[in-house]
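Here's the structure, in structure tokens; my notes come after.
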Amino acid sequence: MEWVSAAIDVLAILLLLIGALRFTLGVLRAELFLEGPDRVRRTNRGRIELGRYILAGLELLIVSDIIHSALSFAISDVIYLGLLVLVRSLISYFLDRELGQLRQELSEDMSVDKPEDGSFRR
């Protein structure tokens, strides 16, 4: 079972690295090729995408920690797991709130750019 937990850890790390790479490339593209509100919008979309990767990675790490603790019957490991899950859950909660605010800002920006006839300005 220990190898399953290690494999989940590796998957979580890969997920986080993929998200970081995609975010970095997206921000570089936005900074180099876009200006004004379009640059900010693209960067905020990248932040939302990165947040999704981080949340998924944190969830996988929690699963791995639960497996680690299930294999160990020491009370210190159970307390450690509880604290880890608490910290990661708080991070997930606040990150999810921030992502929701970003989504709302993006949708408000899109509605401001949208003329009354329903077509988008470019």
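Every number in this text was worked out from the coordinates using simple rules, so none of it is lab data. Values in this document were obtained by computation on a predicted structure and should not be read as measured data. Here the Cβ positions follow ideal geometry from the backbone for every residue, glycine too, while neighbour counts run over all protein chains shown.
Quick notes
- For the chain, alpha-carbon Rg and Dmax in angstrom: 19.3, 65
- 0 to 90° range, to nearest 10: angle between helix 36-71 axis and the chain longest Cα axis: 10
- Net charge, Tyr80 excluded, C-beta distance under 15 Å - Lys, Arg +1, Asp, Glu -1: -1
- Sites matching chymotrypsin sites (Phe, Trp or Tyr not before Pro) across the stretch 1-77 that sit in DSSP coil, with at most 10 neighbouring C-beta atoms within 10 Å: Phe73
- The stretch 1-84: GluC sites (Glu not before Pro) in DSSP loop, at most 16 other beta carbons within 10 Å: Glu35
- Taking other residues whose beta carbon is less than 12 angstrom from the beta carbon of Arg47, and scoring Lys, Arg as +1 and Asp, Glu as -1, yields +3.
- Ranked packing of 77-86, 12-21, most packed first, by mean Cβ within 10 Å: 12-21, 77-86
- Cα long-axis angle, helix 2-33 against the chain (0 to 90 degrees, to the nearest 10): 20
- Angle between the chain longest axis and helix 75-113 axis [Cα atoms, degrees, rounded to 10]: 10
- Length-normalised contact order for the chain - Cα pairs under 8 Å, 6+ apart - percent: 30
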